[in-house]
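Student: Take this structure, written in structure tokens, and hold onto it; I'll ask about it next.
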Amino acid sequence: MFRSGRLLVCLLLTGLSAFAQRSIPVDNEFVRVVSVVDPHVTKPGTMHVHEQNRVMLYLDAADINIRHEDGKGEDQHWRAGDIGWSPASGRHTSEHVSAAATRIVEIELRKPGTGAAGASSKGAIIDNSQVRVYKSATAPPAGSNYVAVNMSTAETLWNRMPSGGGPVVITLLK
């Protein structure tokens with residue numbers, strides 16, 4: 001099934017199910033974007049850490065159980081189209097308990113922000129010192145660094161707008 005055992009080892013070490021489909025449409029000095037199709041699983045993944053803040057785009061509904069190393073838990077319920085902020089976190093497991101597979105786009109932020117959070121962020125879904133996240137059919141100003149994701153097709157691009165209809169979510173780096 002796998003051409004190399006390295007893919008399987010990578011998936012297991014990152015806490016993802018070996019059956020998850022995963023691609024990395026953008027990987028540069030500013031961001032690493034991971035596009036995941038997370039299937040229903042019957043047990044939690046391995047203990048892992050997220051060392052970078054992330055923007056999470058849920059293309060499908062998801063029910064996820066997070067269990068932290070200290071025993072505390074979170075039961076997360078996401079709707080299709082939801083967008084969340086996920087700060088860097090300590091060791092935990094996650095279990096995707098939805099009946100159907102879920103498509104998630106994770107935008108890992110590699111650089112600290114240089115901008116201020118939000119006074120001029122009208123229409124922003126998330127606005128903090130690292131990013132401003134909003135929906136738009138128009139590209140940010142020239143010279144801006146951003147990730148654009150078509151929430152219908154999952155097309156994800158760096159500093160370019162996806163083709164086709166939308167909605168398009170823009171994560172503008174500060």
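Student: For the chain, please report how many Lys pairs fall under 20 Å Cα to Cα, leaving out neighbours fewer than 8 apart on the same chain.
Tutor: So the count works out to 5.
Student: So for Thr138, Thr102, Thr171, fewest C-beta neighbours within 10 Å to most, what's the order?
Tutor: Fewest-to-most Cβ neighbours within 10 Å comes out as Thr138, Thr102, Thr171.
Student: Taking the number of other C-beta atoms within 10 Å as the exposure measure, put Trp85, Trp78 in order starting with the fewest.
Tutor: Ordered from fewest to most neighbouring Cβ atoms within 10 Å, Trp85, Trp78 come out as Trp85, Trp78.
Student: Another question, then. Based on the Cβ-Cβ distance from Ala116 to His40, what FRET efficiency comes out when R0 is 25 Å, to the nearest 0.05?
Tutor: The formula returns an efficiency of 0.05 here.
Student: Put a dot 7 Å past each Cα toward the Cβ at Asp27 and Trp158; how far apart are the dots in nm?
Tutor: That separation, rounded to one decimal, is 1.1 nm.
Student: Next up: Would you pull out the residues with amide H under 5 Å of Val26's amide H, same chain only if 5 or more places away, H placed 1.01 Å from N?
Tutor: Here Val33 satisfy the definition.
Student: Using θ = phi - 60° and the Karplus form 6.51 cos²θ - 1.76 cosθ + 1.60, what ³J(HN,Hα) does each residue of the stretch 138-155 get, whole Hz, x for Gly and Pro?
Tutor: So the J values, rounded to whole Hz, are 10, 5, x, x, 3, x, 7, 9, 7, 10, 10, 10, 7, 6, 8, 9, 6, 4.
Each value in this text was obtained by applying a stated rule to the coordinates, not by laboratory testing. Here the structure is a predicted model, which means the values were calculated and not measured. All Cβ positions, even for glycine, are placed from backbone atoms using ideal geometry, and neighbour counts span all protein chains on display.
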